[in-house]
Structure formats: structure tokens, C-alpha cells
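Peer 1: Before anything else, here's the structure in question.
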Amino acid sequence: MSELIRWSAAELAERLTAGDVSSVEAVRAHVDRIAEVDPDVHAFLHVAGDAALARAEQIDRQRADGAELGPLAGVPIAIKDVLCTKDMPSTAASRILEGWIPPYDATPVARLRAAGLVPLGKTNMDEFAMGSSTEHSAYGPTRNPWDLTRIPGGSGGGSAAAVAAFEAPVALGSDTGGSIRQPAAVTGSVGVKPTYGGVSRFGAIALASSLDQVGPVSRAVLDAALIHDVIGGHDPLDATSIPDAWPSMAAAAREGAASGSLAGVRVGVVRQLNGDGFQAGVRQRFAEALERMAAAGAEVVEVEAPNFEHAISAYYLILPAEASSNLAKYDSVRFGLRVEQAGSTTEQMMARSREAGFGPEVKRRIILGTYALSAGYYDAYYGSAQQVRTLVQRDFDAAFEQVDVLVSPSTPTTAFPLGQKVDDPMAMYLNDVTTIPANLAGVPGMGLPIGLAPEDGLPVGLQIMAPARQDARLYRVGAVVEALLEAEWGGPLLAQAPQLGGTRSPLQFAATPGTAPAAGTGTEPDGGTR
Amino acid sequence: MATDVLMGFDEALERYEPVLGFEVHVELSTATKMFSSAPNPAAAGAESAQPNTMVAPVDMGLPGALPVVNAQAVRYSISLGLALGCSIAPSSRFARKNYFYPDLGKNYQISQFDEPIAFEGSVEVELEDGSQLTVPIERAHMEEDAGKLTHVGGATGRIQGADHSLVDYNRAGVPLVEIVTKPIYGAEHRAPEIAKAYVATIRDIVRSLGISEARMERGNLRCDANVSLRPRGQQALGTRTETKNVNSLRSVERAVRYEIQRQAAILAAGGSITQETRHWHEDTGTTSAGRPKSDADDYRYFPEPDLLPVRPAPELIEELRAALPESPAVFRRRLQADYGFSDSEFRDIVNAGVLAELQETIAEGAAPAQARKWWLGEILRIANARGVDAGSLVSPLHVSELIALTENGDLTDRLARQVLEHVVAGEGSPEHVVAARGLKVVSDDTALIAAIDAALAGQPDVLQKIRDGKVQAAGAVIGAVMKAMRGQADAARVRELVLERASA
């Protein structure tokens, strides 16, 4: 394994600029890594090996010619398959879009390319981003690099697993109810859901338009910030894009890491997001993280957000309602899978194509949403859900009058085994209880690793939330927490992840569920608490 | 299709009171579409295009594409709302109207539902006898048009019997304003006339605002006419039908009349009216059942999450209000004075629905009296014979060209009528027709003199009579000369020359 795949994007970028390494070398190392481990991990749906190498070569040549290049030029990146890419299939992990190549790039992708980042390929996800485990991908699940028998989170399990397995230094994700932050938590990586309107949604295949946000996935807070700076900012192609200028997220992250101090920062612990239902090891690591933050000068207080309890119910009305409408376009008339039979009507063709093209979770949510919007039920379901949404927003407003950031565990549990919840939608939905409120309110949230749960040796994540438009605050605080913990660990948490590839095979892992924790955690598994 | 039983119009009115309502869709003539940067086929001067060449990803409903509101369409909609006397909402919202149909790329239409941009207005409509009627406006809202389906393989071009359908999304996303009236009571026997006058007034308003091409035959302006009847003395409204596809002023009038007669016959026979859409058939002058329509149609409306509410600045609204042209009624009074028409002359023009054409023709340089003569004369005659609106036959530019050709003596009236027929047939401009068909008046005296001398030589008795001072005898020679010239001569000039040659 080439050492360079372990570098952060920031480090790689510096070495590219310094000429220590070429973009071709960087891309080849990652493509090789993908070839080595992705048969096990299955983070990618499409690998753009040749195109990526060609682009890297071009950037190296430009650099040699003395061209002005962006600071991240030549750095490879993985892209969630929910984002449109004009040179790669964009399927949202659905059969209905199998092989579909859009005639345009999503704005975040276009901005990455313009900055010289090199797309490595498209990452796996739950179909149309509906799920928390990547098991709802039409092309098979992604596996957690920490334990190949476990889920990598979802819907953006592919992007999180790709960075956690060192197949890419950074990736793009999308977050509708936690699809960036939850996979980050269970794979020990970093993920940010920006303020709603902070990153353009143009070219992001819509799940729920009022909740979706595109954001960065990485192994380090600074890397996420660097990508955020590239993809963020106003886009006239998205009417919900915020027109204001943004401060540099990377500057905020660097400032935080350099100062190492949280003096004067008021940190609110959301009482409703840290209950008895949370795994013991998750609560333990969370409590320790709070202690570290307090030791660094933060004022840690408990805050109430009473309406967060209803957030998940509201979310599972609003999301399916919008999704049922957003997914109506997949009717086989203009693009995508078409199932035709001689003599059938257009309606029959549409129905058969949708029947064959959508998976069961997608159908479930379309039906839920159609029902929630129906005449006679609208007020009771969609209408009240929007009222709850307003109440959740008010809870945030009230909380942010008292504190600068809110924190919670990113997820109630560590990564659960593949197959455990796939047939139990309610259990799967409850997995997002911590992350959903931020989407309902449009505020930014970050997930970052804070250690391994003692009982299973799997990563635990911290969620930090800030008021809308205060994304930079997340990066500053996140960078401080990261620096404190890495100093303690002696390096990134992912350095403790098991080696992948070589002699191991997924079958071996499947045969031994409950793999022992990685060395160096210094704790014994105490058995599952779930 | 079964033939409907109709009750006589007068009898229907004796027994039932008609209540009307209209939904008029106006295609705005913005350069680009409502929510995309694709060129707008309803734009001023837009050429017709190959199918699916005027489309953007949004219009095709491609994944990841997002709508962005056309600011010019919003300004046009505000101007229209103001001209309809409506209040302009400080904040209005788009909503999704969800239904599956292949002409709808996203399988939902972005429209305005509970928060339209303009509401509560009224329009003054002038009737043929010069009286005025106020039509109450409920709302005017913005939305996008759908594409067009062509059904192939069947005998009728309709979906029944077709083996496949083609979709053209060029029209998908064309900006529309839908103007909805409140129920119109008290129309009585003038209901058909009111229907026509109302639509004509809307057409005049959007034309004066310059926000739509407003050509009904091209679908720039489309009227859905709602008609219900209630027995005399009854308070509750009857069940209504919504007649669609009414593409001319004349058809609006006929369709309303037809529905009144059809519904009256059903009610009188003890039947009940089905709430449904009806399709107007121009050729047969009848309506036929479309799809059943109930108030419980479930479009699963919800606020469009891809768009922010529309919040026009109060200054913008005031700016647009200040820029409103005078109302069509005031404008007409001014035009009448400018053109020097009598009240009855002017009313004839308005009632014939050719005021805008006349005005444009005059603007192109024609004398008002000449313009009036052509539009109310030959053009209206052809239009009536064909059952179409006069404005759809020939452009004002061509009419003014025709008038210029008669004024300068290139065409006689009779030749001009022939040229008009060729222009209507699509052979090009009058100049072009004259050149291509050699229909110009022979103004070369040499040719005329040769013909006159021949005619005089053939009729020595007539020559003698003229020489004896019986000038009216010249008529016979003039007739012969005009015949020889196949009508392409100016009769007055021929007369002059005949008298000249006879006394030579």
C-alpha cells in the first residue's frame, strides 16, 4: 500500500504543489487501492480510472507549464452517485437510472473540476438516498471498513467507506436527514451538512428538496473545510441558494487547530439527543468528549429542545411527501429504464417501468408520501408535520440564544450488522433521530470521530450544530476537538482501523461476526448493548 | 359520438338562468421560459421549431435539474394583475400540482394554488350595444404550460386507436397566467355575447400591455368556458361543465350558446348534468364529453420546495402600475376620435373583433377609412365564410401593403381583392403575389391606347356617338378594353383615354 493514500487532502495538496508527488501518482495510488479493497468494501458503483488518470496527467502538465492552479488541483475525490456527472453514469443507486449519463454536471461537481480536483468515480448509496445503511442500493450494499460484516451507514455509506478505506482522501455526499453525518460517525470519518442553501443543489438528484444538502466527506476537519470552500457559495441555478458571501471554512478550521482553545465557546448538550436508548459506549465517548471540550475552555451546559422528540415523525411525513413528487419524473418516457409490452398503454408502460425500476424502500416512501399529501389527509399529516418543523426551528432559535454550538452523539449506536434492520423500517428510521432536527431547521451540522466504543471497538461520532450560516463555527470548534483527541490518540482514529485487502475476504468476515476491536483501544468488548 | 339534443335558446333562457365563469390562459411572450433558460416558443416573433429543440433539462424533467423563476414573467404577471384591477400579493407561492401525464416532464405542474400573485379584481366589458358590464375576477396566477402529444397510427389522430404517441416538450414550461373569474350572474340572453366580449377584452388588455402575442389560433390565449344552469327562482348553482379548446372569439360565443341549449334539454328531460370537461369541435359546432371532473380531483398540491415565495418589492409594483397603458375602453375612445370614425362605425369594428388589426394596419401607414373598409369588408367576409377570426387570415402589414398598392394605382379594387385571396392562401406578401402572378394594373398608356384604338375600330357606331357628344356611350368601349386587359387596367384612366382617342 502506497503511503500517500494515508495523507490528508491538505497534505497531499501541499506535496503536489511542492512537486514531491504528481497527480498521476496520487490518482494511480488511489485507483490501485480501489482495485485492491473495493471488491470487499464495495464503496464504488463506477470507477473512472482512465479518465481520472488522463485528467491528472493534464493537471501535472499544467503545473509543469507554470499555470495558476487551485490549492487542491490534482487531489482525487470520490463523488456520491446522487450527483450528476456528465462523464459518468449517475444512478442514485437505482435500477431505474441504470447507465444514465446526464448532459450536465451538478454545480458542486463542476466547481470541483474547475478547482482541479480529479473525480475518481461514483460512490454507492441507498437508492435515491433513502436509507441509513446502504443496504437499499440496487447494486448491493457497501461494507464498513472497520468490520466488513457491518453497515457503513447511509445513505452515503459509499462516500464514507471510500475515505475510511483510504480509497479516496475526500468525497462528496448529500444529507437529507443524516446521510453525511451518520455514515461519518459509523466509519470514523468526518462529514458536514452545510446550512440549507449554502451549497447548490443543482444537479443533485432530489430526494426531499427542502431538506437535501450536498456536503464534504473526509478524514480530517480541515479537508472537509477545503472542499466546502470549493463547492459552496451562491449558484443562480438553485433558487434556494443563499446569495451572501461566505467566510473561508478552511481558515476557521486552521484557526481552531492552531489555537487548540475553546475559551468563551458555549456548548449546549441537547438533553433530548442523549437518552437512555443510546448505546453505553456511545454515551461514554460522548461524555469524555464533553470533558475534553470543557478542559479546553468551553462552557458546557445542558439545553432543552422539547420538540426534537417529534422531529422524526415530522421528517417521515415531509420527506416521503416531497419524494413522492420528486420521483414522479421516473416514468420511462424521456430517460431511464423502460419496460414495454406490445399493446400496452402509456400508463401501463409507466407503471411497469416504475414497478421494475424502484426498490421496496423507494416504493414504501412513495406510497407514504402520496398518502400524506392526499386530499383530506393533507392537514393532518403534511400540514402538522410542517408545524412541527416550525417548532423544531424555534427550539433551535431558543437554544442558540443560550449557546454557540449544540452537540450530541452523531448516532445512537455504532455500526450495526448488515441485515439487522433492513426488514424493520421503523428501527432503521430511528437511527437518524439525532441528525434529522438539523435538516428540518436548515442549520449546519458536522460529524467527527471521538473514539471507539469500548464494547465493540467501533467508531463513535460527535455531532456539532451551529446556527444557520455559521458553518465556519463548526469548523473552528470541530478542528479544536479533533486536535485535542488526535493528540491523545497519537494520530487520526482511522489509523487504528483494521488493514484491508490482501488475504482477507468478505466471506471470512461474514463467517466471524463481532470481530474483535482493533488493537490500541485498550478496552474489552462488553457485548452489545442494543 | 351521439348527437346532443338541444333546446331552443330562447326557451332555455325562459326556463333557466345561465351562470358563467371563465378560465383564460395567457401565454406570456417572454424571451425564455417560466422556469428555464430555454427559448420561449410563445415569445414575440418566435419561429416555429422542430420538436424538442426548445427545451432545457428542467422542461424535460431531467434528474437534478432545478426551476428558477423568470423575473420578466413575474413583472408581466404583476402588470396583468394590475390591469385587471387586482391586488398584488406581497408574497405569493408556487405549488406543485401532481398528476401523471407524458406531456408533463416532471409529472407535476408548477402552478400557484392557495397563494396567487394577483387576486380580487374586475374587468369592464363593453357589449355590442355599447353597454358596459363588470366581470368580477377572482385571481390571476402564474404557472407553466405542458408539452404536446401527437397520437400516431389511429385514423382520428386521437389517443383511441393510436399505436404510439410522440411528445414535444417545446411548449413545456412556457409561462402562463391563468385568469379566473368569479361566477358571472345576470348574463341572461346575452351570455354568449358576454363570453365573447370578455375574452376579447382580456385579449385587448394583454395586447395593450405587450405581454403576449395573444393569438387565439396559435394558442397564445386559451379560454375554458364554465357554464351552469339553474331553474328560475333557484338559489343553488347548477352543475357546471368546463368547455375547453375554444380557439376563437366566435367559438367562445358559439360554445356557450351550445352548452346552454344542451344542458337545458337535459335538465328539462329530467336528467342531470355531469360535472366534466367538454371539448369544443370547431367543425361541427358541438361539444363532446372529456374527462369527468370533480371538486375532489386530487392533485396533492403542496408548496414547491425548489422555489422561494415571490415577494415583489412595493416599488416594483408601483413602477409597473405607473407604466400601465390606458384601459382598452379609454384607449378606444381616444382611437375613435383620432381615426375620425362615427360611433356606429367604431362599434362595428369592435364587434367584428378587428380593432387591434385595424390599429396595426393604420400604424403601418394605411388611411383609417381604407383600413376600415378592408377589415370590415373583404377580410371579414372571407373570415365569416370560413368560420375563423379575421385576424388569423392576414397580417396588418400585408393589408397596409395592399392598401398602398391600390392608393398608388398599381391595383384596382377588383385586382386587390384577387391579390388578397392569394395572400390569405399563403402565397406571400401582396407585393410578392402581384409580381408572381402579374396582377398589376397596366399603367403603360401605349398598351392601353392600342387596346382602345382596336375597340373603337371594332365599334364605329359607338365612336360616332361619342363624337356626337354622347359621352355615356363610352361605357361599352371601356368594358371591351377592360376585358381585353383582363381587368388589369385603371377604369378611370381608360375612360380618359377613350374620350381622348375618340376626339382625336
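Peer 1: Restricting things to alpha carbons, tell me how big region B:9-317 is in terms of Rg and Dmax, in Å.
Peer 2: Considering region B:9-317 through its Cα atoms, Rg and Dmax are 19.6, 59 Å.
Peer 1: A further question follows. Taking the Cα centre of the protein assembly as shown as origin, sum charge times position over the Cβ atoms of Lys and Arg (+1) and Asp and Glu (-1), and report the length of that vector in debye to the nearest 20.
Peer 2: Value, rounded to 20: 1520 debye.
Peer 1: Convert 25 °C to kelvin, take the viscosity as 0.890 mPa s, use the Kirkwood radius over C-alpha pairs of region A:290-363 as Rh, and evaluate the Stokes-Einstein diffusion coefficient in µm²/s, rounded to a whole number.
Peer 2: 149 µm²/s
Peer 1: Starting from the Cα coordinates of region B:418-459, work out the convex hull volume and express it per residue in Å³.
Peer 2: 79 Å³
Peer 1: At 1.4 Å probe size, what's the solvent-accessible area of residue A:384? Round to the nearest 10 Å².
Peer 2: About 40 Å², rounded to the nearest 10.
Peer 1: Give me D for region B:277-376 in µm² s⁻¹, whole number, from Stokes-Einstein with Rh from the Kirkwood sum over alpha-carbon pairs, 20 °C and 1.002 mPa s.
Peer 2: Using the Kirkwood radius from Cα pairs, D works out to 114 µm²/s.
Peer 1: OK, next. Rounded to whole Å and sorted largest first, list the principal axis extents of the Cα atoms in the protein assembly as shown.
Peer 2: So the three principal-axis extents are 139, 77, 59 Å.
Peer 1: Got a number for carbon plus sulfur as a percent of the protein assembly as shown's accessible area, 1.4 Å probe?
Peer 2: 51 percent
Peer 1: With +1 on each Lys and Arg Cβ and -1 on each Asp and Glu Cβ, how big is the dipole of chain A about its Cα centre, in debye rounded to the nearest 20?
Peer 2: 720 debye
Peer 1: Could you please state, rounded to a whole Å, how far the C-alpha centre of region B:415-436 is from the C-alpha centre of region A:117-186?
Peer 2: 71 Å
Peer 1: Taking the Cα centre of each part, how many Å lie between region B:230-272 and region A:200-231?
Peer 2: 57 Å
Peer 1: Tell me the angle of helix B:396-407 to the major Cα principal axis of chain B, expressed in degrees between 0 and 90 and rounded to the nearest ten.
Peer 2: Value to nearest ten degrees: 10.
Peer 1: What does the charge add up to near residue A:97, with Lys and Arg as +1, Asp and Glu as -1, over the other residues with Cβ less than 11 Å from its Cβ?
Peer 2: So the surrounding residues net to -1.
Peer 1: How long, wide and thick is region B:50-172, going by the Cα atoms along their three principal axes, in whole angstroms, largest first?
Peer 2: 51, 42, 25
Peer 1: Between the DSSP loop rule and a limit of at most 11 other Cβ atoms within 10 Å, which GluC sites (Glu not before Pro) in region B:16-104 are left?
Peer 2: B:47
Peer 1: If you take each beta carbon of peptide A:370-380 and count the beta carbons of other chains within 10 angstrom, what is the mean?
Peer 2: 3
Peer 1: Provide Rg and Dmax in Å for region A:143-236, with only Cα atoms included in the calculation.
Peer 2: Here Rg and the maximum Cα pair distance are 12.6, 43 Å.
Peer 1: Determine how many Å³ per residue the convex hull of the Cα atoms of region B:100-165 encloses.
Peer 2: Normalising the Cα hull of region B:100-165 by residue number yields 149 Å³.
Peer 1: Next question, about the same structure. Let me cross-check residue B:424: its accessible surface, 1.4 Å probe, with only protein heavy atoms counted, in Å² to the nearest 10?
Peer 2: About 20 Å², rounded to the nearest 10.
Peer 1: Relative to the longest principal axis of the C-alpha atoms of chain B, give the angle of the C-alpha long axis of helix B:191-209, reported between 0 and 90° and rounded to the nearest 10°.
Peer 2: Taking the Cα atoms of chain B, the angle to B:191-209 is about 90 degrees.
Peer 1: Hey, which lysines would be in cross-link range of residue B:440, C-alpha to C-alpha under 19 Å, not counting anything within fewer than 8 residues on its own chain?
Peer 2: Filter leaves B:483.
Peer 1: Using Cα pairs under 8 angstrom and six or more residues apart, how large is the relative contact order of region A:381-472, in percent?
Peer 2: For region A:381-472, the relative contact order is 35 percent.
Peer 1: Moving on. Beta carbons within 10 angstrom, averaged per residue: use that to sort the peptides A:77-83, A:185-191, A:316-322, highest first.
Peer 2: A:185-191, A:77-83, A:316-322
Peer 1: Shifting gears a bit: Considering the convex hull of the alpha carbon atoms of region B:445-502, report its projected area averaged over all viewing directions, in nm², one decimal.
Peer 2: Taking the Cα atoms of region B:445-502, their convex hull projects to 3.2 nm² on average.
Peer 1: For chain B, the longest stretch holding no chymotrypsin sites (Phe, Trp or Tyr not before Pro) located in a DSSP loop with at most 16 other Cβ atoms within 10 Å is which?
Peer 2: Longest gap between qualifying sites, sites excluded: B:300-504.
Peer 1: Also: Run the reach check for residue A:122 against lysines, Cα to Cα strictly under 21 Å, same-chain hits fewer than 8 apart removed. What comes back?
Peer 2: Within the straight-line cut-off, residue A:122 pairs with A:80, A:86, A:193.
Peer 1: Helix B:474-484 sits at what angle to the longest principal axis of chain B, using alpha carbons and giving 0 to 90 degrees rounded to 10?
Peer 2: 60 degrees
Peer 1: Do any residues of region A:191-214 show a loss of at least 20 square angstrom of accessible area between the isolated chain and the full protein assembly, using a 1.4 Å probe, and if so which?
Peer 2: Relative to the lone chain, where solvent access is computed with a 1.4 Å probe, region A:191-214 loses at least 20 Å² at A:201, A:202, A:209.
Peer 1: Also, quick follow-up: What residues does region B:305-334 have that are buried by at least 20 Å² of accessible area in the full protein assembly compared to the chain on its own, 1.4 angstrom probe?
Peer 2: So the qualifying set is B:305, B:306, B:308.
Peer 1: Taking only protein heavy atoms into account and a 1.4 Å probe, give the accessible area per residue of the protein assembly as shown in Å².
Peer 2: Result: 38 Å² per residue.
Peer 1: At q = 0.12 Å⁻¹, what log₁₀ I(q)/I(0) does region B:348-406 have when each alpha carbon counts as one equal point scatterer in the Debye sum?
Peer 2: Results for region B:348-406 at q = 0.12 Å⁻¹ read -0.22.
Peer 1: If you don't mind, there's one more thing I want to ask. To make sure I understand the rule: partners must be lysines, Cα under 21 Å from the Cα of residue B:196, and not fewer than 8 residues away in the same chain. Which ones qualify?
Peer 2: Output for residue B:196: B:182, B:244.
Peer 1: Right, here's the next one. Tell me: how much accessible area in total is hidden between A and B, 1.4 Å probe, Å², nearest 100?
Peer 2: 2600 Å²
Peer 1: Sticking with this one: What residues of region B:60-82 lose no less than 20 Å² of accessible area with every protein chain in place versus their chain by itself (probe 1.4 Å, heavy atoms only)?
Peer 2: B:60, B:61, B:62, B:63, B:64, B:66, B:68
The values are calculated or read from the model by the stated rules, or taken from the named source; none is laboratory data. Please read these numbers as outputs of a predicted model, since none were measured by experiment. Glycine also receives a Cβ, built like all others from the backbone with ideal geometry; neighbour counts cover every protein chain displayed. These area figures cover heavy atoms from the full protein model, side chains too; ligands, DNA and RNA do not enter into them. Shrake-Rupley method; radii C 1.70, N 1.55, O 1.52, S 1.80 Å.
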